[in-house]
1. Would you mind checking the tilt of helix 95-105 against the longest principal axis of the Cα atoms of the chain, expressed as 0 to 90 degrees and rounded to 10?
2. Can you tell me the length gained on complete extension of the stretch THR289 to THR350, counting 0.36 nm per residue apart and subtracting the Cα distance?
3. Would you be so kind as to identify which of THR289, TRP309, VAL210 lies farthest towards the positive end of the dipole of the chain, taking Lys and Arg as +1 and Asp and Glu as -1 on Cβ and the Cα centre as origin?
4. In the range 2-202, if the dipole is taken from +1 on Lys/Arg beta carbons and -1 on Asp/Glu beta carbons about the Cα centre, which of GLY174, ILE131, PHE101 is farthest to the positive end?
5. What's the center-to-center distance, using Cα atoms, between the range 323-370 and the range 143-165 in Å?
6. What per residue convex hull volume, in Å³, do the alpha-carbon atoms of the range 5-152 yield?
7. Any idea what Rg and Dmax come out to for the chain if you just take the C-alpha atoms, in Å?
8. Mind giving me the FRET efficiency for GLU340 and LYS100? R0 is 51 Å, r the Cβ-Cβ distance, nearest 0.05 is fine.
Amino acid sequence: MVIFVEEMNPMTSNQYLTTTSYTLLEKGTVSCQSPSNIALVKYWGKYGEQLPKNASISFTLSNCHTKTTLSYERKTSEGFDFEVFLNDHKEDSFKPKIQKFFERIEAYLPFLKEYKFNINTTNSFPHSSGIASSASGMSALAMCLIALENRLLGAPESISEAKKQKASFLARLGSGSACRSIDGPLVVWGEHQNIEGSSNLLGTRYPYNVHPNFHEYQDTILLVDKGEKQVSSTVGHNLMHEHPFAEQRFQQANNHLSKLIPVLKEGDLSAFVQIVEREALSLHAMMLTSNPYFILMKPNTLEIINRIWEFRKETGSSVCFTLDAGANVHVLFPKEEREEVSQFIRTELTSFCSKGEFIEDEVGIGAFLL
Ligand code: DP6
């Protein structure tokens, strides 16, 4: 059977609508792996349909990833039909977010209601680690759906650059930061006047020179608090609407991104450290000054930050920290310093981690088919 896509909504991003016809296959599976990412300049505040209030940039990670297998089977019933499994166990708590995702992307993948889906995911990191799984999870699902679309279009299995862009565009509609996980090692999301090709609709690979100091950058994630966050990112983003410092914050983030361009080019590690740490603390300052206000850092988050500052002062190291919307600390450092910093982490920082746990990661290349 063939379905034609006629509807062209001028309000949507037309280039991602499919204009050719699909040949609907009976059933099958596709599998993808997609990593998490860590923002250097943070996305915090959005408008419209998942559009960022400021541009952000992140390192794509490697070891922290989600593997998703999407099984599809033709159905005749109406509406979306899917089940979600995490480590082979049904996970109904993920369903509302995926339902919303399907509703948002249906215009771009009009075959979605033709199939019953089983979405099987596993994370390389513990589910209750407080690590954002929405970026890796949503980007992995978006890649699977693009792989399926390729099949239905009779296109080659491999994901072209154009299809990666569509995957990023779709992933954004599942979770904003997920659009930065499809590609790597450095991805920008959000229109920025100094970054060619940057877009609010999808993540794009950072297009300028990056000094070898930043190649294979290391990120050790210290698991300070593995519980559920008290305030979700979605709620936090919404609190930026009435926030007294919102406009200054969006301006600051865009300025930080401008400043990062020469820093990345010249390999200026000390300027990098200043920008990255200021970004992390500004993000949390927004939380501290929201209405209602909230605090996601824990006492051990601050302990770790202070130890990093002391270590840097004593040794001249370029190690620095960043935070996402939680208590865990991402410890960033150049590969050159791996030995010294790993030693420092093991001897001085792991005692502040829940059960002494941490994850060693480094920059990676993004999502791929399995
Ligand atoms: C603090 O992408 O999780 O990690 O779009 O509502 O799903 P939604 O939010 P999400 O926000 C992530 C915010 C952040 C900063 C960042 O990754 O840029």
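Rule-based calculations on the coordinates, nothing more; no lab input. Please read all numbers here as calculations on a predicted model, not as lab measurements. Cβ coordinates were reconstructed from backbone atoms using ideal geometry, including for glycine residues, and neighbour counts include every protein chain displayed.
1. Taking the Cα atoms of the chain, the angle to 95-105 is about 70 degrees.
2. On the way: separation 61, 0.36 × 61 = 21.96 nm, distance 2.99 nm.
Full extension of this stretch gives 19.0 nm more.
3. The Cα lying farthest towards the positive end belongs to THR289.
4. Final value for the positive-end residue is ILE131.
5. Cα centres, the range 323-370 to the range 143-165: 33 Å.
6. Working: hull volume 19.7 nm³, N = 148.
So the per-residue hull volume is 133 Å³.
7. 20.6, 69
8. Values: r = 45 Å, r/R0 = 0.89.
Using R0 = 51 Å, I get an efficiency of 0.65.
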